[in-house]
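Q: Here it is, the structure, as structure tokens.
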Amino acid sequence: MPSDFVRDIVAQHIAERRYPEGIVTRFPPEPNGYLHIGHAKSICLNFGIARENNGRCNLRFDDTNPAKEDVEYVNSITADVLWLVEGWADHCLGLKPRGALPAAVTTAEGRPDHYAAAIPASDLPSARATSSAEAFFASDYFEALYGYAEQLIRKGRAYVCDLTPAETEEYRGSLEKPGRPSPYRERSVEENLDLFRRMRAGEFPDGARSLRAKIDMAAPNVWLRDPLLYRIRHIAHHHAGDGWCVYPLYDYAHCLSDYLEGVTHSICTLEFVDHRPLYDWILEALDLPRALPRQYEFAKLVPGYTLVSKRKLLALVNEKIVSGWDDPRMPTLSGLRRRGIPASALRRFVIGVGVTKFNSVTDLAVFEHAIRDELNQTAERRFAVLRPIKLVLTNLAPDEVLECRATNNPQSETPTTRALALTREVYIESEDFAEVPPPKYFRLKPGGEVRLKYAGIIKLDEIVKDASGTITELRCTFDRTSRQGEPGADRKVKGTIHWVSASHSFEAEVRLYDRLFTVPEPAAEEDFLKVVNPHSLETVRARLERSLADATLADRFQFERVGYFALDAKDSAPGRPVYNRTISLKDTWAK
RNA sequence: UGCUCGAUGGUGUAAUGGUAGCACAAGCGACUCUGACUCGCUUUGUCUAGGUUCGAGUCCUAGUCGGGCAGCCA
């Protein structure tokens with residue numbers, strides 16, 4: 001396992017036995033949208049560190065802003081995380097008993113504390129099976145968080161402020177000019193406590209008052225200029241119900257949620273570097289009895305030709321450029337999954353790019369290589385003709401059927417085979433034929449020979465066209481002495497192509513996906529909608545070999561010489577499969 | 001002219017004062033019943049200027065360039 005600066009820090013902490021209870025990380029999405037490939041890096045980092053150190057990674061919903069959140073997202077995010085982690089780090093997945101709230105506990109030193117315990121790893125499988133396990137929710141900590149807020153008030157470290165949002169902004173100053181203190185900054189502890197309780201009781205309208213940390217309005221770091229801790233929102237919460245009208249803000253809730261869960265390493269992206277002093281300030285202001293979590297930041301993943309901005313992804317959905325959040329062209333985890341990309345390939349990619357503090361754009365080719373490499377090992381080979389052209393083997397009788405043995409996966413140590421039927425009428429790929437071949441063309445051309453893979457060598461005798469000049473069929477002779485097992489089987493011809501029997505194949509819809517954008521950095525574009533790839537989806541009616549009729553969703557296939565394909569989870573029906581192209585094969589010939 | 005993080009081939013990264021390495025990409029070749037896979041070879045790099053040192057990608061100083069930050073979003 002290659003190391004990185006975060007893992008180095010963790011390794012050092014382990015060496016100095018800094019966290020005797022073990023390493024605990026967390027993946028804390030807000031349930032306000034779908035997870036995308038960028039989140040995959042965070043998931044693999046957090047779960048990766050947990051599994052490498054015999055620790056735990058809690059799945060926690062950072063759901064402190066009910067106005068933007070919904071259970072639809074908690075469900076999709078949960079499914080996405082489980083998919084990515086399945087069979088890799090599920091044994092260190094931190095979940096809690098359904099409905100559990102943090103418990104009031106007493107430390108070994110006899111000090112009161114709160115703790116949100118995870119289900120022990122040994123009990124996790126059965127808890128998961130019976131659905132008695134669920135993710136952690138920051139909203140489950142609202143009562144504890146409220147208690148900590150009163151503590152801050154009593155310590156004189158927080159105050160209720162009556163400034164309006166506009167006034168608050170004005171008092172905050174600017175990046176280069178210090179702010180000025182709120183006129184409410186010096187209220188007494190008693191008044192603050194009374195006001196904060198009345199805020200909770202619902203006496204004031206939205207935005208009328210807020211709870212603020214009393215830090216330093218002249219701090220060069222703007223996040224330290226008396227940041228807001230609580231705001232008033234008369235709105236029900238998707239998880240906590242309708243018992244609250246004051247909701248904590250991110251900076252206040254996050255560090256304390258980490259603390260409550262016993263998180264040791266709180267790993268987030270670079271844009272939170274400026275928040276770290278506040279993270280530490282809140283925890284240190286509270287005089288907490290256990291070891292405090294620490295925040296570490298890394299650069300997020302930005303793959304080329306891809307957008308990860310929630311706003312822009314939403315625009316693609318709204319503008320109907322894609323069919324939805326799980327469109328196979330979307331960089332969402334649900335889109336990648338529907339596209340047929342194995343979780344293991346995604347993991348390999350996001351782990352392989354490494355962890356640094358340098359913002360960069362990762363070449364999509366690295367991802368594509370990971371997918372191809374994975375699928376090359378695991379996917380069974382099949383024959384499918386995407387754009388069929390009819391070919392007649394004139395020396396085969398109309399009812400003649402020649403059985404051929406095809407290898408399912410040549411990469412396997414013990415390859416299995418299947419039967420393929422060769423008949424008088426077959427289909428080949430129209431691009432495997434050229435009436436006027438370009439230089440170095442190995443495929444079928446007038447008077448030329450080519451091998452039908454696993455069947456034998458054919459020679460093109462005649463091109464049949466209709467009145468309009470369109471080619472309707474190619475008439476060939478089949479060299480029976482080149483069949484498998486015959487003496488001529490090893491005869492060399494330059495080209496080998498795939499094919500399907502007309503009578504032993506079926507027609508099906510196949511969707512060919514390509515990158516969604518035409519430029520490496522669509523996010524840098526003034527109008528990203530202008531660089532959408534108009535050819536990102538091409539739908540064809542293909543001819544597939546019979547065995548492709550009853551595939552399952554878990555199957556991954558290589559259509560030989562074409563690419564890797566999987567069943568579409570949404571639009572496939574029994575007897576009417578729809579295949580998605582996960583990725584094409586590498587093509588170094590290219591026209 | 002605020003604070004903060006950063007800079008190694010085309011791209012992503014490694015080297016923790018001691019031979020600048022790996023992967024992807026690209027190019028050439030071999031092999032091939034997939035123009036895939038595999039194998040071999042090749043091209044390309046430490047932001048700049050000083051300094052410390054026997055020795056600097058690494059440490060110091062100054063610069064240059066780039067990212068992030070002023071939601072009652074996360």
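The values are calculated or read from the model by the stated rules, or taken from the named source; none is laboratory data. Since this is a predicted model, take the numbers as computed values, not measurements. Note that each Cβ is placed from the backbone with ideal geometry, even for glycine, and that neighbours are counted across all protein chains shown. In case anyone asks, the SASA skips ligands and DNA or RNA and just uses the protein heavy atoms, side chains included. Shrake-Rupley method; radii C 1.70, N 1.55, O 1.52, S 1.80 Å.
Q: Run down the lysines and flag those whose C-alpha is under 30 Å from the C-alpha of residue A:530, throwing out any fewer than 8 positions away in its chain.
A: Result set, ordered by chain and number: A:41, A:68, A:300, A:310, A:312, A:320, A:570, A:586, A:591.
Q: Under the rule of -39500 (n - 2.57) per DSSP H run of 4 or more residues, summed and divided by the residues of chain A, what mean residue ellipticity at 222 nm is obtained, to the nearest 500 deg cm²/dmol? Mind showing how you got there, number by number?
A: Details: 13 runs with 143 residues, N = 591.
The helix-only estimate for chain A comes to -7500 deg cm²/dmol at 222 nm.
Q: Rolling a 1.4 angstrom probe over the protein chains, ignoring ligands and nucleic acids, what is the accessible area of residue A:518 in square angstrom, nearest 10?
A: 70
Q: Can you send over the carbon and sulfur percentage of the accessible area for the range A:243-362, probe radius 1.4 Å, protein chains only?
A: Using a 1.4 Å probe with all protein chains present, the range A:243-362 comes out at 53 percent carbon and sulfur.
Q: Output the antiparallel fraction of DSSP beta bridges having both residues in chain A, as a percent to the nearest 5.
A: On the way: 66 of 92 bridges.
Counting DSSP beta bridges with both partners in chain A, the antiparallel share is about 70 percent.
Q: For A:233, A:381, A:347, give the ranking by accessible area with the largest first, probe 1.4 Å.
A: Final ranking, largest accessible area leading: A:233, A:347, A:381.
Q: Of the listed peptides A:442-453, A:170-181, what is their order by residue-averaged count of other C-beta atoms within 10 Å, with the highest listed first?
A: Those peptides, ordered most packed to least, come out A:442-453, A:170-181.
Q: If we sort A:501-507, A:129-135 on the protection proxy, mean other Cβ atoms within 10 Å, highest first, what's the order?
A: Per-residue Cβ counts within 10 Å, averaged per peptide and sorted highest first, yield A:501-507, A:129-135.
Q: Suppose a student asked you for the relative contact order of the range A:372-436, using Cα pairs under 8 Å spaced at least 6 residues apart; what percent would you report?
A: Reported as a whole number, the value is 41 percent.
Q: Tell me, what is the 1.4 Å probe accessible area of residue A:62, in Å² to the nearest 10?
A: Spelled out: residue A:62, probe radius 1.4 Å, area about 10 Å².
Q: Taking the Cα centroid of the range A:265-298 and of the range A:419-490, what is the distance between the two, rounded to the nearest whole Å?
A: 68
Q: Can you tell me, using C-alpha contacts under 8 Å and at least 6 residues apart, the relative contact order of chain A as a whole percent?
A: Once divided by the residue count of chain A, the mean separation gives 11 percent.
Q: Taking the Cα centre of each part, how many Å lie between the range A:508-584 and the range A:96-141?
A: 42
Q: Separate question: Work out how far the C-alpha atoms of chain A reach from end to end along every principal axis, then list the three figures in whole Å, largest first.
A: Taking the Cα atoms of chain A, the three principal extents are 101, 50, 40 Å.
Q: Which whole-number percent gives the relative contact order of the range A:152-194, counting Cα pairs below 8 Å spaced six or more residues apart? All intermediate terms of the calculation are to be shown ahead of the outcome.
A: On the way: 34 pairs, mean separation 21.0, N = 43.
Reported relative contact order: 49 percent.
Q: So how much accessible area does residue A:16 have, in Å² to the nearest 10, using a 1.4 Å probe?
A: Estimated to the nearest 10 Å², residue A:16 gives 90 Å².
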